[in-house]
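The values are calculated or read from the model by the stated rules, or taken from the named source; none is laboratory data. Source: prediction; values computed, not measured. We place every Cβ from the backbone using ideal geometry, glycine too, and count neighbours over all the protein chains shown. For accessibility, only protein heavy atoms count, side chains too; no ligands or nucleic acids. Shrake-Rupley method; radii C 1.70, N 1.55, O 1.52, S 1.80 Å.
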Amino acid sequence: MADIFELFKKISSGSDTKREPITHIVAGLGNPGDKYYLTRHNAGFLAMDYISQKYSAPINRVKFKALCGEAVIGGKSVLLMKPQTFMNASGEAISEAAAFYKIPLENIIIICDDVNLDVGRMRVRKKGSDGGQRGLRSICTIMASEDFPRVRIGVGKKPHPDFDMADWVLSEFREEEKKVLFDEFGTVAGGVEKLIDGDIDGAMQLCNGAKA
């Protein structure tokens, strides 16, 4: 009986289970605050909310200047992040988490908006320039590298060349756009799964040019 009691003690204390170390970061970019929640610039945050629900992994712990959660995706322990620094300083949160967990660049996956793609389109890249996206620019600058994968979610092009870009990305999606966008998140999550598995070609094949 003593052995059984010892087993119960281990189970109740959690000493018989060990959390696997974090090997990947998946971060969606956006701006904190309710007034920004459904704006175009927050497509990354919205995608992270979908991923949070899909993996039953709440993103609600404050750490690394971000809201964080942990999920197991494809057998890997993954840190989920929504930086709270505002878009233009996203790199501060990402760099802190990457340094703490010693995550290599190729295991840092960024999800962000793209004003060059129609709503319902997306693009996966293994690496590359920021393309004018301020959050990506911050990450590239602070991490001193462009060599990290990213999933770019189309949020629509400016309605007119003279339309102010800041006003456009901080505008809310129209009702019909929301439906298209939300239908897209399952594909985004599938692309993230393939990236975590190291299958960049599979992620590109799934996501690039996809229309929900």
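Details
- Summing charges over all other residues whose Cβ lies under 11 Å from the Cβ of Gln84, with Lys and Arg as +1 and Asp and Glu as -1, gives +2.
- The candidate values were [x] 11.5; [y] 13.1; [z] 10.7; the one computed from these coordinates for mean projected area of the Cα convex hull in nm² carries the label [y].
- Exposure ranking of Asp130, Asp167, Asp199 by accessible area [1.4 Å probe, largest first]: Asp167, Asp199, Asp130
- The chain: angle of helix 90-101 to the longest principal axis, Cα-based, in degrees nearest 10: 20 degrees
- Rounded percent of accessible protein surface that carbon and sulfur make up, segment 49-126, 1.4 Å probe: 50 percent
- Amide H contacts for Ile111 (H built 1.01 Å from N in the peptide plane; partners 5 or more residues away or on another chain; cut-off under 5 Å): Ala27, Gly28, Leu29, Val151.
- For segment 74-134 versus segment 149-212, the spacing of their alpha-carbon centroids is 13 Å.
- Neighbours of Arg150, meaning other residues whose beta-carbon lies under 10 angstrom from its beta-carbon, give a summed charge of +2 when Lys and Arg score +1 and Asp and Glu score -1.
- The chain, helix-only ellipticity at 222 nm - DSSP H runs n ≥ 4, -39,500 (n - 2.57), divided by all residues, nearest 500: -11500 deg cm²/dmol
- Accessible area per residue for segment 144-186, computed on protein heavy atoms with a 1.4 Å probe, is 55 Å².
- Heavy-atom accessible area, probed at 1.4 angstrom with all protein chains present, ranks Leu29, Leu206 as Leu206, Leu29, highest first.
- Loop sites in segment 151-183: chymotrypsin sites (Phe, Trp or Tyr not before Pro), DSSP, at most 12 other Cβ within 10 Å: Phe163
- Loop-located trypsin sites (Lys or Arg not before Pro) in segment 97-126 (DSSP state not H, G, I, E or B) with no more than 11 neighbouring Cβ atoms inside 10 Å: Lys102.
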